[in-house]
Amino acid sequence: YVKPVDLANAHGIDKVYTIRAMYVNTGGKFGDEPVIVTDDFILNAPHHLVDTVRNIINDGESTQLVNSGLAAFKLYEYTNAKGNQLGVTWCDVE
C-alpha cells in the first residue's frame, strides 16, 4: 500500500497510472477508505473519493472502462487548512 505522497516523491505528480481495480475498504481505522489498484501498487486514495469510487463501482460503463485498462489517474496538488495536500484526478490512459 502506498500513499499519494509516496508516488509524488518517487515519480512527480504528472505520471499517469492505469487503474486495474477499485474498492472501498470498510474496515479502515478512520472509517471507509477508497482504494485504487494498479499493476505495481495499491493506493490508499484520499478519503473524499469514497463516494466517487462507490459510484464508479456501481456504474457498468465506468466498471467496463476500468476492466478494459482505459481508466487512469494522476496526482494534483492543492492547499487546505492543513497545508499542501495531494489529490487524485481521473484521466484517460495515455
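Residue check, Val93 against (1) open to solvent by less than 80 Å² (accessible area, probe 1.4 Å); (2) out of contact with any helix residue (DSSP H, G or I) (no Cβ under 7 Å at 6 or more places or on another chain); (3) modelled with pLDDT of 95 or more, all met but one. Which one?
(3) is the only condition that Val93 fails.
Six or more apart or on different chains, Cβ under 7 Å: which pairs go from a residue in region 75-94 that's without any contact (Cβ under 8 Å) to a residue 24 or more places away in the chain to one that's open to solvent by 80 Å² or more (accessible area, probe 1.4 Å) and not basic (Lys, Arg)? Could you list them?
Within 7 Å, the pairs are Asn84/Glu77; Thr89/Tyr76; Asp92/Leu70.
Quick check on my filter: what residues within region 19-65 are open to solvent by less than 80 Å² (accessible area, probe 1.4 Å), assigned to a helix (DSSP H, G or I), within 14 Å of Val88 (Cβ to Cβ) and in contact with a Phe, Trp or Tyr (Cβ under 9 Å, 6 or more places away or on another chain)?
Correct list: Thr52, Val53, Ile56.
What are the residues in region 66-85 that are open to solvent by 50 Å² or more (accessible area, probe 1.4 Å), within 19 Å of Asp6 (Cβ to Cβ) and under 16 Å from the mean Cα position of the chain (by Cα), if any?
To start, the set of residues in region 66-85 that are open to solvent by 50 Å² or more (accessible area, probe 1.4 Å) comprises 67-68, 70, 74, 76-82, 84-85.
Checking which are within 19 Å of Asp6 (Cβ to Cβ) leaves us with 74, 76-78, 82, 84-85.
Passing the criteria: Lys74, Tyr76, Glu77, Tyr78, Gln85.
Can you pull out the residues in region 15-40 that are in contact (Cβ under 8 Å) with a residue 24 or more places away in the chain and out of contact with any Leu (no Cβ under 8 Å at 6 or more places or on another chain)?
Across region 15-40, the qualifying residues are Val16, Thr18, Ile19, Arg20, Ala21, Met22, Tyr23, Val24.
The values are calculated or read from the model by the stated rules, or taken from the named source; none is laboratory data. Everything numeric in this text was worked out from a predicted model, so none of it was measured. Methodologically, a virtual Cβ is constructed for each residue, glycine included, from the backbone with ideal geometry; neighbour enumeration extends over all protein chains shown. For accessibility, only protein heavy atoms count, side chains too; no ligands or nucleic acids. Shrake-Rupley method; radii C 1.70, N 1.55, O 1.52, S 1.80 Å.
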